[in-house]
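See structure below.
The numbers here are math on the coordinates, done by the rules we state, and not lab data. None of these values were measured; they are calculated from a predicted model. So basically every Cβ, Gly included, is an ideal-geometry build from the backbone, and we count neighbours across all protein chains shown.
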Amino acid sequence: MIAVDSLARASRGLARGAVLLVGLALQGLARAAGSGGGGEASGPAGAAPAMAMPASPPVGHWQLIASVAVVLVLLAILLLRRTVALKLKSTAPITGVAVLLLAYLLTSYAVARHRASGQLTLLEAQAMDMTAMSTPAGFAPVATEVVKSGAFLPSVTYTATVVSYNDEDVYPRVAGTIVSMPAYPGSRVGSGTLLARLDDVELSARERQAQWDREMAARARGTSQRELDMAGAARRQAEAETGKASQDVLAMQREHTSAQAMVKESQTEVVGAERDVEASRHEVTAARASEEAAASEASMAESRVESAQAELETARADEAYWKAEIAREKKLLNSGAVSLDEYQSEEAKYKDAQAAVAKAAAMLRESKQGHTAAEARRRQAAADTAKTDAQLSSMEAKLDKARAAVERSKADAETASARVDSARAEVRAARAMTQEKSAGVSAAASRTGEAAAALGQRAEALTVARTIRGYTEIRAARAGYVTQRLVSPGVLVQPGVPILRISELDRVRLQAYVSERDVQLLEVGSRVEAASPKLPGGTLVARITSIFPASDPTTRTSTVEAIVDNSAHHLFPGDAVTLKLFGRERAGSLSVPTSSVVYRNLPSQGVTSAQQATVWTAIPGKQGGKMAHQVDVTVGTSAADRTEVVAGLKAGAEVIFRGGESLKEGDPVYPVAWGDAGPVTLPPAQPSAGSGPAAGPASGPASGPASAPAHN
C-alpha cells in the first residue's frame, strides 16, 4: 500500500510538471509565431552572404499524428477502466506520462514549423566547427587608415599602489606589558598623543629606590660637611695653641736673659756688695720680677690645663656622637638599608673619635704636669724673692751669702734655659698638632667631595629612573592616522618590536613599477593621469615627482612616483590606481593603430623564437580594386591605441586595422566604414573594376596619443 501511495503521489507530481511544460510550450509557440516573418536574413541589396548557412529541414506532420494517437490511447484506457472495471488503483501515472509525451510532440512540431531559414538548433550550434569556416569568395570588408607624419605623444599605463606619504612604526623603548591602548586603526592622533601605556610597577619601584639612594647620599654629604667643620675648628684651635706656645718661648727667653743678668749682678755684689747696695735692691727687684714671671707661667699652665680639658670634653662628645651613630648604622646594616662598606666607614670614624679622646686625655695629663711644674717654679720664685730680701738686709754683714746668691743666680739662669728649651718643645708639639689637624681637614674635605660626587651620581640615577619610567607612556612623534595595530593590550612587548603604525595621509605617494624600456620615456615633471573609482570624477592629474635610480633585479622594473594631495582621504595605502604616464612628445613621427600591428613568428634560433612586427596594407590589385599586402615594420613606442613605426612604412601608405584577421597575401579587400560591432556596410556582390573608395579609408580611429595597455 505504501508503495502504491508513493507511486500515486509521484504520478500527481508528473502530471503537474506536464501541465507546466504544456504552458511553456504554448508560450514558445506564440513567440515563434511572432518572429516567423523575420526568417530571411537582412542585409544590403545584392550583398553576398557572409557564410553558407544550413537549410532548415522540411516540416513534417508526424508530430501531429503521434499527438492524436497519444490522446486516443489515453481515452481508450479511461473508457476500459469505466466499462470493463480495469484493476487500476489510479490512472495518474498513465495520465502524466501521456501529457509529457503530448507536450514533447507539440513542442517539436512548433519548433520545426516556425524556425527561420538557416537557423541552427542549440545542439547544431554547439557541434559546429568554427575553425573550419573560411572567408567566402569575394572582397573582404576591411577598415583602413592612411599613414601620416605628425606629432606623437607616447604614454604607458601601469597599475600603481597608493603609499602613505610618511609611515612611522611606533616602538616601545622599554619592556613591559601593555595595560591600555587608546589608539585604534582609523584614529587621528596629534603630536604627543598618548598611544599606549605600559605597566610601570617595576620601573616606579626603581625610581623610588633611586630617590632613597639620593636622600642617603644627601645625608652622607651633610655628615661629611659637619666633619669638615669640626676638623677646621680643631685646626684653628691648634694654630692658636701654636701661637701661644711661641709667645711662651719669647717669655722664657726673656726670663733666661734676666737670669743671666742676675748672675752678673750677683758677681758684682760679691766684689762690692758693700759698695753697691742698690745692686742688691735691683736683685730683689729682679727676684720679684722672676716671681711674677713664674706666677704668669703658672697661670698660662693653668690655661693650658683648661684648654686640654675642653678638648677632652669635645673629643668625648664626638666619641658619644659616633657611638650613637655606629649603633644606628649597625641597625641599618642589619636591616639591609646600608652596605657593609658604609658601615665599616662609619666604624672607622668611631675608632678615630676614640683615638682622639685618648690623645686629648694624654694632653690633659701633660698639661696638668706642666701646671704642677709651673706652680713649683712660682713658689720657688717667691722663695727666691724672700731670700733676696734677706740677703739684702744681711748683705753688708754676710759676704758669703752674696756669693751664695751668685750661685743661686747661676742656677736660676740654668733653670730659665731649661724652661726655654721646654717652651720650644711645646712650640714644636703645637706645630705638629696643627699639621695633624690640617691633614684631618684635608681628609674631611676629600670625604666631603666624595660625598658630593656620590650625591650628584645618585641625582643623575634618579633622573635616569624617572626618564625610563616616562618611557612607559608611548606617545606619537608626529600627527597622522593609525593604520595598523600590531599588538593588543595585555601583551608583553620588547624594545624594537613595533606595536602601531601611524601614516600621514594628507598627501600620498602613487608608486608604479615601470619596465626598463618604458622608464626611458619618462622624466621628472611629466604629466600623470591617475584613475580610480574612489576619486571625485574618477581621475586626477599630477606630475612625476621622482624616478628611483635603481631597478629590481627580479622584475627589471624601476619605481616611478607621483605625490598627490589627499586631504579628503579618498585614497588609502594599498589601494590600486591606474596611472597613465606620458613621455616626451615627438614631432614628425609615423604612427598606426595598434590593432593593425601583427606579429609573425620567425624560424626559431636556439631556445626562444623571435617575432617580426608586420602590418597589412591595402595596395592596388592586378585586376582593379585593392588587395592585401603584408609589410615588415620596426615599431617604436606605443600610446594605447596607436604605435609608432620607426621603419618599414612611408607616409601615404594605407594600413588595414580592422578585418585583417584571416587575410592572406594578395586577398582582395574593400575598405568600408567600420563600427564597434563590425562593418557598417558590406562590399557589393560584384564590384566593378577599379571600384572602391576613391581616396582614403572609409573610416579610421582618430590619430593621436591614447592610453597603452597596462604592462604590469
> What FRET efficiency, computed as 1/(1 + (r/R0)^6) with R0 = 25 Å and r the Cβ-Cβ distance, is obtained for residue 467 and residue 487, rounded to the nearest 0.05?
Replying inline: 0.60
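What is the sum of charges around residue 590, taking Lys and Arg as +1, Asp and Glu as -1, for the other residues whose C-beta is under 14 Å from the C-beta of residue 590? Before the final figure, lay out the partial values.
Numbers: positive: 148, 586, 642, 650; negative: 145, 644, 654.
Computed value for this residue: +1.
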> How about residue 387: which aspartates and glutamates have a C-alpha closer than 17 Å to its C-alpha, ignoring those fewer than 8 places off in the same chain?
Replying inline: 265, 269, 278, 283, 291, 292, 396, 400, 407, 412
> Under a 5 Å amide H to amide H cut-off, with H placed in plane at 1.01 Å, what residues pair with residue 338 once short-range neighbours are removed?
Replying inline: 333
>> Once R0 is set to 56 Å, what does the formula 1/(1 + (r/R0)^6) return for the Cβ-Cβ distance between residue 572 and residue 345, expressed as a FRET efficiency to the nearest 0.05?
In response: 0.25
> With labels modelled as points extended 7 Å from the Cα through the Cβ direction, what inter-label distance (nm, one decimal) is found for residue 414 paired with residue 75?
Replying inline: 19.0 nm
> Taking the simple approach of a point 7 Å from Cα along Cα-to-Cβ for both residue 97 and residue 328, what is their distance in nm?
Replying inline: 12.0 nm
> If you take the beta carbon distance between residue 673 and residue 504 as r and set R0 to 41 Å, what does 1/(1 + (r/R0)^6) give as a FRET efficiency, to the nearest 0.05?
Replying inline: 0.15
> Given the Cα-Cα distance of residue 494 and residue 460 and 0.36 nm per residue of separation, how much length would full extension add, in nm?
Replying inline: 9.7 nm
> Which lysines have a Cα less than 20 Å from the Cα of residue 351, not counting those fewer than 8 places away in the same chain?
Replying inline: 323, 330, 331, 359, 437
> Applying the Karplus parametrisation 6.51 cos²θ - 1.76 cosθ + 1.60 with θ = phi - 60° to the phi angles of segment 159-164, what ³J(HN,Hα) value in whole Hz is obtained for each residue in order, glycine and proline being reported as x?
Replying inline: 8, 9, 10, 7, 10, 4
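Can you give the local net charge around residue 444? Use residues other than it whose beta-carbon is closer than 13 angstrom to its beta-carbon, Lys and Arg +1, Asp and Glu -1.
Details: positive: 221, 226, 235, 349, 437, 447; negative: 227, 229, 318, 352, 436, 450.
Once all neighbours under 13 Å are counted, the net charge is 0.
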>> Whole angstrom only: what separates the Cα centroid of segment 144-211 from the Cα centroid of segment 525-581?
In response: 19 Å
> Within the P(r) computed for segment 494-545, what percentage of the Cα pairs occupies the region above 13 Å?
Replying inline: 75 percent
>> Once the convex hull of the alpha carbons of segment 174-255 is built, what does its volume come to per residue, in cubic angstrom?
In response: 128 Å³
> Once fully extended, how much extra length lies between residue 450 and residue 359, figured as 0.36 nm per residue of separation less the alpha-carbon to alpha-carbon distance?
Replying inline: 30.0 nm
>> Roughly how far apart, in whole Å, are the Cα centres of segment 326-379 and segment 449-508?
In response: 54 Å
> Using a simple spin-label model with points 7 Å from Cα along the Cα→Cβ vector, what separation in nm is obtained for residue 208 and residue 175?
Replying inline: 2.3 nm
> With a ≥ b ≥ c the root eigenvalues of the C-alpha gyration tensor of segment 497-580, is it rounded (a/c under 1.5), prolate (a/b larger than b/c) or oblate?
Replying inline: oblate
> Given the pairs 148/622; 534/580; 622/664; 148/580, which are separated by over 19 angstrom at their Cα positions?
Replying inline: 148/622; 148/580
>> At 0.890 mPa s and 25 °C, plugging the Kirkwood radius over alpha-carbon pairs of segment 469-624 into Stokes-Einstein gives what diffusion coefficient in µm²/s?
In response: 117 µm²/s
> Which whole number in µm²/s is D for segment 281-340 by Stokes-Einstein, with the Kirkwood Rh taken over Cα pairs at 25 °C and 0.890 mPa s?
Replying inline: 157 µm²/s
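Taking K and R as +1 and D and E as -1, what net charge do the other residues with C-beta under 12 Å from the C-beta of residue 562 add up to? Provide the component values of the computation, followed by the final result.
Details: positive: 507, 509, 527, 543, 580; negative: 529, 561, 565.
Once positives and negatives cancel, what remains is +2.
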